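Working notes, beginning with the structure itself.
The values are calculated or read from the model by the stated rules, or taken from the named source; none is laboratory data. Bear in mind the structure is a predicted one, so any value in this text is a computation, not a measurement. So basically every Cβ, Gly included, is an ideal-geometry build from the backbone, and we count neighbours across all protein chains shown. These area figures cover heavy atoms from the full protein model, side chains too; ligands, DNA and RNA do not enter into them. Shrake-Rupley method; radii C 1.70, N 1.55, O 1.52, S 1.80 Å.
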Amino acid sequence: MRTLTSGDEDIRIAAEAIKAGRLVAFPTETVYGLGGDAFNVSALARIFEAKRRPRFDPLIVHIADLSALDMAADVGSLPPSLRAKVGALCRNLWPGPLTLVLPKQPSVPDLATSGLPAVAVRFPSHPAAQKLIRYATGAIAAPSANPFGYLSPTKASHVQEQLGERVDFIIDGGRAGIGVESTVLDLTEEPPRILRPGGAPCEAIEAIIGHVETGSPPAPQTAPHSPGQLASHYAPKARLFLHDANVMASLPFCPGEAYLFFDEKTCGAWRARNARNAPHVGGDERIFTLTHGADEGTADKTLEAAANLFDILHIIDNISPSAIHAQKSPDSGLGAAINDRLTRAARN
Ligand code: TXA
Ligand code: MG
């Protein structure tokens, strides 16, 4: 595996590799993706192999041009009301952290969609991702660049640690800005349904197309509609327990366990409580906060928290705690995506 920069020459090298059927990990605004040519079946098979990903979990096809949408999706086969919603979302939220599930074109290999009649399409806003897609074949299938079920990568070093030689190239574009994966929205039925909360908040989507369903149907353990819905997913190695702020603040300190607070206020309350009982709290290497500053609970705070979430979970994983206690996020903004990932991490 070779690390490349996000400079133009290096992206051209990576694009040639994709055209030749090889795999390239690349930055997006959400998390790093593991990309291969969406129309090359052996490249798709290599993605599943590299991630040890079950074949029932379909891939997102990434495009970098609105006109490329028709290569993957048959929007024209939708009823006019849904077609209008697709158009409005593309105009307002693309490029960005929103994936649309749409009727697929017959030319998209069944391996990409795991045999489903629908394909997931996303137009990322990250400039390096866009260049890579354009210089390659115009459509790159890419799951998050992590082993199946494990923490998503927000830095090139995460990909290196987790996938190593299973990837041909990594484009290092620094830290992923949003930090949680895209929102997956199913537009094959009315009303549209969020299959996975993510970087595009539900409020932003509803402001454009009106009501969308959110509560996912009960999560099945095999062949789910969208495997990001699997009950256990996005998991760190240690057992994770998820708590409301008031419970988190009153937890006793246990040496060997790690504590992940949403805000400094709750962390401060916990420290004050445990300063009496456990004077050695202060060795801060097991204590983390997703946000900094006093003004917790706003949508902006959830942006900051999402950007830090997987990075801090990777750090916690590397110190191998005996358990992780995590505080729930407020539900506004990206809070739904953060709580979704933490809830699934808590089920491993
Ligand atoms: O932000 C993201 O979406 C990142 C970056 C790399 O773009 N990608 C990502 O891919 O998170 P992945 O494979 O880790 O997650 C894709 C999710 C899975 O939950 C998958 O089940 C769902 O999208 N999905 C893909 N195709 C689908 C389809 N045809 N119907 C329903 N769900 C689909
Ligand atoms: Mg993933």
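Odds and ends about this structure:
- About the centre of its Cα atoms, the chain shows a dipole size close to 640 debye [charges on the beta carbon of Lys, Arg (+1) and Asp, Glu (-1) only; nearest 20 debye].
- Reachable aspartates and glutamates, given that their alpha-carbon falls under 20 Å from the alpha-carbon of Lys51 and they are not under 8 places away in the same chain: Asp37, Asp110, Glu161, Glu165, Asp168, Asp172, Glu181, Asp311, Asp317
- Dividing the convex hull volume of the alpha-carbon atoms in segment 31-174 by its residue count gives 103 Å³ per residue.
- Applying the criteria of a DSSP loop state and at most 13 other Cβ atoms within 10 Å to the GluC sites (Glu not before Pro) of segment 15-54 yields no site.
- FRET E, pair Ala45, Glu213, Förster distance 35 Å, beta-carbon r, rounded to 0.05: 0.60
- Rg/Rg_ref, segment 56-108, where Rg_ref = 2.2 N^0.38 Å and atoms are Cα: 1.11
- Computed over segment 240-345: relative contact order in percent, which uses C-alpha pairs under 8 Å that are six or more apart: 39
- P(r) for segment 130-169, from all Cα pairs and a bin width of 10 Å, is 27, 46, 26, 0 %, short bins first.
- A crude spin-label estimate for the pair Glu190 and Asp70, with each label 7 Å from Cα along the Cβ direction, gives 2.5 nm.
- Helical segments meeting 18 Å axial Cα length and Kyte-Doolittle -0.5 threshold in the chain (DSSP H): 80-93, 299-318
- Average Cα contact separation per residue, the chain, under 8 Å, 6 or more apart, as relative contact order %: 20
- Expected 222 nm ellipticity per residue - DSSP helices of 4 or more, -39500 (n - 2.57), all of the chain, to 500: -10000 deg cm²/dmol
- Value of Rg to Rh for the chain (Rh from inverse mean 1/r over Cα pairs, i.e. Kirkwood): 0.98
- Here the spin labels are modelled as points 7 Å beyond Cα on the Cα-Cβ line, and at Arg55 and Asp300 they lie 5.0 nm apart.
- In the chain, the portion of solvent-accessible area held by carbon and sulfur atoms comes to 54 percent [1.4 Å probe, whole percent, DNA, RNA and ligands not counted].
- Overall dimensions of segment 93-222 by Cα: Rg and Dmax, Å: 15.7, 45
- Once divided by 2.2 N^0.38 Å, the Cα radius of gyration of segment 240-345 becomes 0.99.
- Cα-based radius of gyration of segment 8-104 once divided by 2.2 N^0.38 Å, which approximates compact folds: 1.19
- For chymotrypsin sites (Phe, Trp or Tyr not before Pro), the sites in segment 1-102 that DSSP calls loop and that have at most 16 other Cβ atoms within 10 Å are Phe56.
- Beta bridges by DSSP in the chain, antiparallel share as percent, to the nearest 5: 40
- For Lys301, the lysines whose Cα comes closer than 24 Å to its Cα, not counting residues fewer than 8 places off in the same chain, are Lys155, Lys265, Lys328.
- FRET efficiency for Arg175 and Ser77, using Cβ-Cβ distance with R0 set to 41 Å, rounded to 0.05: 0.55
- Rounded to the nearest 0.05, the FRET efficiency derived from the C-beta distance between Ser250 and Asn318 at R0 = 25 Å is 0.35.
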